[in-house]
1. Which one of the conditions (1) modelled with pLDDT under 90; (2) assigned to a loop (DSSP other than H, G, I, E, B) does residue 57 fail to meet, given that it meets all the rest?
2. Pairs, please: C-beta under 9 Å, at least 6 apart or cross-chain, first residue farther than 14 Å from residue 108 by Cα and in segment 138-149, second among the aromatic types (Phe, Trp, Tyr) and assigned to a helix (DSSP H, G or I)?
3. When you check residue 114 against the structure, is it within 28 Å of residue 66 (Cβ to Cβ), of a type in the set (Asp, Glu) and within 15 Å of the chain's Cα centre (by Cα), yes or no?
4. Among the numbered conditions (1) open to solvent by 60 Å² or more (accessible area, probe 1.4 Å); (2) at pLDDT 90 or above, tell me where residue 119 comes up short.
5. For the structure I just gave you, tell me whether residue 2 is within 30 Å of residue 174 (Cα to Cα), of a type in the set (S, T, N, Q) and either assigned to a loop (DSSP other than H, G, I, E, B) or at pLDDT 90 or above (or both).
6. Name the pairs whose Cβ atoms lie under 6 Å apart, with the first residue in segment 103-124 and without any contact (Cβ under 8 Å) to a residue 60 or more places away in the chain and of a type in the set (Val, Ile, Thr), the second open to solvent by less than 60 Å² (accessible area, probe 1.4 Å) and in a helix (DSSP H, G or I), and 6 or more positions between them or separate chains?
7. Exactly one of these conditions fails for residue 123: (1) closer than 23 Å to residue 142 by Cα; (2) β-branched (Val, Ile, Thr); (3) not in a helix (DSSP H, G or I). Give me its number.
8. Condition test on residue 12, is it open to solvent by less than 40 Å² (accessible area, probe 1.4 Å), modelled with pLDDT under 85 and either among the hydroxyl-bearing types (Ser, Thr, Tyr) or farther than 30 Å from residue 156 by Cα (or both)?
Amino acid sequence: MSAPNLLEEEFAAAAEDRGEDPEQALQQLMLKYVQNEDATAAELLGEDPDGPVVSIGEYNPDDARELTREAIESLVGYPDEVEIDPSDVPVDEVPREPDAKRELVLAALRHEHDRFADEDGRIHPNVIRRGDIARIARRFDLHDTDHKRREYVDKVMDRLLRNPNGEERSRAFWSVEEALEYIESVNPADDFRDSHTAYIVEKDVKAISKEILASRREDVDVDRVNAVRERWSLKSLDAAEWMVFRDFPEESA
């Protein structure tokens, strides 16, 4: 059994660059193949052949490549939303700048959010809990003082569309659309697990519908919001009323 000379030479050179014996590395690779185990050069040699990611634009959370501080810092001002697997961030590569740390927490939250929702069995998968942000902050040692919780939990929460319901201030949504999907998904006749949950959901619909209308983030479909409010016997809000709520929320019913 033989390999093309060029490939054999490249394999030997790559193994030697990593301090491996080429013959031994090839034997391990062939053994994995015979045992029907998927093997990559990264698994075989204990590291990714391309090295750590130095630009956030190159990052893919499925690649299992570690992120450098340089890449993480480039999240600040990056035009797209990035998902980061927290396990790809070495402890010593967490940025020093507060803005970069907040972007890192948000990016990791995007990656972990679906898993959190599945594990907790929450009312709707769109709901983001303050505790979700705290879980991520804790992964990066950004949660052990009041100052850190203000900087890397509360300020991250402020970036989301927050639920102004006094009973559930700890909940939020990524966007107006996801908040709308949540309040559209619940109905007064739903069989909630207990009366308190039903009460909280009704308060959610009232508060979140107003918060959506008050949002300056994007165009809002007022008719869609009012359709939900009417289902819960809440009065419809016209443009003038929701502008008053946006500017003076504490004075609006």
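1. For residue 57, the exception is condition (2).
2. 143/152
3. Values: within 28 Å of residue 66 (Cβ to Cβ): yes; of a type in the set (Asp, Glu): yes; within 15 Å of the chain's Cα centre (by Cα): yes.
Yes; evaluated as a whole, the condition is true for this residue.
4. (2)
5. Details: within 30 Å of residue 174 (Cα to Cα): no; of a type in the set (S, T, N, Q): yes; either assigned to a loop (DSSP other than H, G, I, E, B) or at pLDDT 90 or above (or both): yes.
No: the conditions fail for residue 2.
6. These pairs meet every condition: 105/136; 105/137; 105/152; 105/156.
7. (1)
8. Details: open to solvent by less than 40 Å² (accessible area, probe 1.4 Å): yes; modelled with pLDDT under 85: yes; either among the hydroxyl-bearing types (Ser, Thr, Tyr) or farther than 30 Å from residue 156 by Cα (or both): yes.
The answer is yes for residue 12.
The values are calculated or read from the model by the stated rules, or taken from the named source; none is laboratory data. None of the values given here were measured: they were computed from a predicted structure. Quick reminder, even Gly has a Cβ in these numbers, built from the backbone with ideal geometry, and neighbours come from all protein chains shown. We work out accessible area using only protein heavy atoms, side chains counted, and drop any ligands, DNA or RNA first. Shrake-Rupley method; radii C 1.70, N 1.55, O 1.52, S 1.80 Å.
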